[in-house]
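Coordinate-derived values only; no laboratory data. All figures in this text were calculated on a predicted structure; none of them were measured in a lab. Here Cβ is always computed from backbone atoms with ideal geometry, including for glycine, and neighbour counts include all displayed protein chains.
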Amino acid sequence: MRFAIRTSSPGRHDGNARSTAGFTLAEVLAALLFMAIVIPAAIEGMHIASLAGTVAVRKAEAARIAQRVLTESLVTTNWSAQSGTMTEGQRQFRWTTRTAPWTQDPNQTAMQCLSAEVFFTVQNRDYSVRMSTLVDNSQQ
């Protein structure tokens, strides 16, 4: 007949011994408080990142429209104030053009600054992109 010697190891518990594994109420409440602070901040960060990405995409589209409007105005030499709408993909953009005298060089009286401004809305906030070029008014 064999007899086994029973020893208690730190990783194993007797059926009669009280288990000490687990979290205290204070630890659980501290973890919940930490999550209550971190989760809304993380969600707000993702919202801001999403808005920034959307605005960047729309600004690129608006810049293409401004370039198109300026090019059309230059080719047709129609430099008067104009406005309209243009569609890029499924989005509509409003645009305006205007001409102002170029005052940076007092010796140049024939130069004009032709600007195209494109307006768009992202999440109920208005944004715009303005693109300008110089034109020689004497060749109009």
For residues in region 117-128 being hydrophobic (A, V, I, L, M, F, W, C) and within 16 Å of residue 89 (Cβ to Cβ), which is surrounded by the fewest Cβ atoms within 10 Å (Cβ to Cβ)? 122
Out of (1) part of a helix (DSSP H, G or I); (2) touching a Ser or Thr at 6+ places or on another chain (Cβ under 7 Å); (3) of a type in the set (Val, Ile, Thr), the one residue 96 does not meet is (1)
Which one is surrounded by the most Cβ atoms within 10 Å (Cβ to Cβ) among residues in region 71-94 that are over 26 Å from the mean Cα position of the chain (by Cα) and of a type in the set (A, V, I, L, M)? 74
Exactly one of these conditions fails for residue 108: (1) without any contact (Cβ under 8 Å) to a residue 24 or more places away in the chain; (2) surrounded by 11 or more Cβ atoms within 10 Å (Cβ to Cβ); (3) assigned to a strand (DSSP E or B); (4) of a type outside the set (Phe, Trp, Tyr). Give me its number. (3)
